[in-house]
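Read through the structure below, which is laid out as C-alpha cells, and then see the notes.
The values are calculated or read from the model by the stated rules, or taken from the named source; none is laboratory data. If you're wondering where the values come from, they're calculated on a predicted model, not measured in any experiment. With ideal geometry, Cβ positions are generated from the backbone for all residues, glycine too; neighbour counts draw on all protein chains shown. Ligands, DNA and RNA are stripped out before the accessible areas are found, and what is left, the full protein with its side chains, is counted by its heavy atoms. Shrake-Rupley method; radii C 1.70, N 1.55, O 1.52, S 1.80 Å.
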Amino acid sequence: MPETTFDTVYREIFPFWDKISDKDREYICQNSADMVYQKGKNIHDGSECSGVILVRSGSLRLYMMSEEGKDITLYRLHRGDLCMLSASCVLNAVTFDVFVDAEEDSECCVIGGAAFAAVSERNPDIRIFALETAVSRFSDVMWVMQQILFMSMDKRLAIFLLDESARIESDIIALTHGQIAKYMGSAREVVSRMLKYFAGEGIVEVSRGGIKILDKNRLRKLTL
C-alpha cells in the first residue's frame, strides 16, 4: 500500500493525526505494512512487540493461554478495530502475554511497534490515545471475566448468541460448538449440552451449518 494511502487511512482513525508533525506522520507511514493473514495464522505470540494492528477486513481473536495450553478468548476484532495489546513496546504497563490469531482470512495495516513507540515518545497525544484504547479493551476483558466467574452457562450462551447475531446481522450463526466454546472460555461438551437444551425448548435449531435462532424473545429473557 502506498504511503499516501496509509495517510488517508490513519487520518480517519487516529484523532491525533493532524496534531503531529509531517515528519512523524511520514515516519509512521514508512514503517507501516499491508498484511494479509490466512485463517488460523498466529499473528502475535506474546514474545515480541508485533506492532499496532488495524483490521481492514476479516476478524482476529485475542486470547490468553495457561501453562497447560488452555486458552480464554479476551475479545475479537473486526473491520475498523485497532489492536494495541500486540504492541507491548508502546504500552509498558502491559506485562502479560496475549496471543492474536486470524480467525478468518484478514487484511490488516500493521505499524511497526518501535516506530510507533518512538513517535509516541515525542507526542503525548499518541500516548493518551494508546492508553485510552487499551483501557476500553480492558473493559471488554473484565466483562469476559465477569461472565466466566459469576454467570450461569445458559445466560452466557444466550448473551453470546444474541451478540453474534447482532454483529453479523443474521439469525443463522455459522460456528461450530468448538468455536463457540473457545470464544466463551468453556468446554465443547458443555456448549453442546446447553445448545441441545435450547433446541429442545424451541429457542434454537442446531444443524451442521451452525445454529439458527428461532425465538429471540426467550433468548433475551435468559440474559436477564
### Task
Please give the direction-averaged projected area of the C-alpha convex hull for the range 147-224, in square nanometres with one decimal.
4.6
### Message
Please compute the modelled spin-label separation between GLU48 and ALA114, points set 7 Å along Cα→Cβ, answer in nm with one decimal.
### Response
1.1
#### Entry: Distance in nm between pseudo-label sites at MET151 and SER207 (7 Å out along the Cβ direction from Cα)
2.7
## Note on the structure
Partner lysines whose C-alpha sits under 20 Å from that of LYS212, ignoring same-chain residues fewer than 8 away, are LYS155, LYS182, LYS196, LYS221
## Note on the structure
Within the range 33-67, the residues whose backbone N lies under 12 Å from a label point placed 7 Å from the Cα of THR5 along the Cα-to-Cβ direction are 33-36
### the chain - charge dipole about Cα centre, Lys and Arg +1 at Cβ, Asp and Glu -1, debye rounded to 20
920
### Query
Round to a whole number: what % of the accessible area of the range 164-203 belongs to carbon and sulfur, probe 1.4 Å?
52
### Task
Report the relative contact order of the range 142-224, percent, no decimals, based on alpha-carbon pairs under 8 angstrom and at least 6 residues apart.
33
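What is the local net charge at SER57, summed over the other residues whose Cβ is closer than 12 Å to its Cβ (Lys, Arg +1; Asp, Glu -1)?
Every neighbour counted, the sum reads -3.
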### Message
Just to verify a number: FRET efficiency for ASP22 and GLU121, C-beta to C-beta distance, R0 = 25 Å, to 0.05?
### Response
0.90
### Query
With labels modelled as points extended 7 Å from the Cα through the Cβ direction, what inter-label distance (nm, one decimal) is found for SER139 paired with GLU67?
3.5
### Query
How big is D, in µm² s⁻¹, for the chain by Stokes-Einstein at 37 °C and 0.692 mPa s if Rh is the Kirkwood radius over C-alpha pairs?
173
### Query
Tell me, how many Å apart are the Cα centres for the range 162-184 and for the range 2-29?
35
